[in-house]
Structure formats: structure tokens, C-alpha cells
Amino acid sequence: MATGETVVVLGAGPMGLFLTRTLRLRHGPDVAIVALNWLDARLAVAKRMGATHAINTSDRSSAEALRAATSRPDADVAIEAIGTVERHREALSLLGRGGTLVAFGGVAPGQLLPVDVGRLHYQETAILSHLPPHAARRGGGGAPACLRSGPGGGPGDGAAAAHRSHQGPANGRRAHDPPHASLPRAVSTDRDRGGPANPLAMRHGDACIRPGVVSASPSSCGVDFP
């Protein structure tokens, strides 16, 4: 992403909030982050995680919300963090010329997303998986390039190092990369509790997110942060 660009994050659940925070850590104040959701409580946390705008779209379209917040009719990047075909279609519709859809939310196999191929071609629209190509080939996880690259452009230097590519060993446990230097106290894993080494919780200020929990109270994380 370049300075001055706008990214829309559809969804303010745990992963949407993680992505919002990671984008802000990665790009600082140089990009506008628009978080869209139907729940005001989650949008309040999105603001604390770094969203420039956090908008409830329960009573308006995402396009109307984007235009009202940014005075722009479209976005440069749209990240779908909900996991439905409808929201993927909505995210795609928000993109301007040269825009990129990051299909982060998982959708069950067999569900189809109708796409205007002419638009992809002539508007130079890109659709990316949440996995970088090399990780997808080897079966590992990863993060979009706009999150993954570091300040110098080198691989693995970005704030999404806490959610970088990992590969499933034969025993089913995931070998998780250590977090980026800017997140040493933000991400806690349940490795010490004998569970899979997946991200368990993130805290920023007085906000907390973990699977199934979005709260303004860090005590609700159930994790002792350093």
C-alpha cells in the first residue's frame, strides 16, 4: 500500500480487528483504514485498534458509508474478514481502478463468487487469497502482502509477523513464527498451556480481542499480559 491510500476492512470480529491493528502498525498514519460492521461495540474497539473511521452499516450501504467517511467513491484495498460470498461481492464492489480484494474470510468450498471478468481486465482489479502464493503451494498460512512486508519491503519484517506463514507438522501442531518486535506484549499464545500455538489474544490500550471475544476490558481476555 502507498501513502494516502484507503483500505476497507469488512468485519470487526477478532480477525477484522487483528487486521485493523496490523495495518496501522505496518503503515502508521500513512493510510486511511475504514472498519465496517453492524455492531457499535465492536466498532468502538476498531477505533482503538487504529481505524481511521469505524462505521455501522446496519442502516446504510457500505458504499454510502465509505463515501461519507472519506469523500471517495471507492477504496484501494478491501479486506473481507467475515467469510460469506455476499460480503466478498460487497468488498469487490467498493474497489476503484487498480484496486485489490483480499479474500481473508474463509468460505466453504463450492460457493461461487460471480465476477465481471471485463471489469477485472479493464479496471485492473486484483483478487488475492489471504495466503501468499508460496505458502498456498506448501499448505501453510500467511498474511496479505500489504500486511506482511516490512518498512524496507523485505519479507517477514511487517507487523503481521505474529500472523505469518506457518506449516503444519506431522503431529498436527503448528510451528508459529515469533511476533514482530512491535508486538512483543500484544500477542499471547496458549503454547505454555499445552494447546496449539495459535494466536490467543491481543491487547491494545484497554481493548482486548481473542477468538469469540471482543471487549474494551483487558480482564475479559483471560490472559495475563506482561
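Give me the residue from region 66-78 that is farther than 15 Å from L92 by Cα and in contact with a strand residue (DSSP E or B) (Cβ under 9 Å, 6 or more places away or on another chain) and, out of that set, surrounded by the fewest Cβ atoms within 10 Å (Cβ to Cβ). Write out each step before concluding.
To start, the set of residues in region 66-78 that are farther than 15 Å from L92 by Cα comprises 67-72.
This time we only want the ones that are in contact with a strand residue (DSSP E or B) (Cβ under 9 Å, 6 or more places away or on another chain), so: 68-70, 72.
Numbers: A68: 11, A69: 19, T70: 16, R72: 14.
In this case the residue turns out to be A68.
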Pair list, Cβ < 8 Å and 6+ apart or interchain, from region 94-112 residues that are under 20 Å from A2 (Cα atoms) to residues that are basic (K, R): G96/R72
Single residue of E64, E90, E80 found to be assigned by TED's automatic domain parsing to the domain that holds L23, touching a Phe, Trp or Tyr at 6+ places or on another chain (Cβ under 9 Å) and acidic (D, E): E80
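For the structure I just gave you, tell me whether T20 is part of a loop (DSSP other than H, G, I, E, B), among the polar types (S, T, N, Q) and under 24 Å from T125 (Cβ atoms).
Details: part of a loop (DSSP other than H, G, I, E, B): no; among the polar types (S, T, N, Q): yes; under 24 Å from T125 (Cβ atoms): yes.
Here the answer is no, as T20 does not meet what is asked.
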Those residues of region 23-62 which are within 24 Å of G4 (Cβ to Cβ), assigned to a strand (DSSP E or B) and touching a Gly at 6+ places or on another chain (Cβ under 9 Å), in sequence order: A32, I33, A35, L36
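The values are calculated or read from the model by the stated rules, or taken from the named source; none is laboratory data. Everything numeric in this text was worked out from a predicted model, so none of it was measured. With ideal geometry, Cβ positions are generated from the backbone for all residues, glycine too; neighbour counts draw on all protein chains shown.
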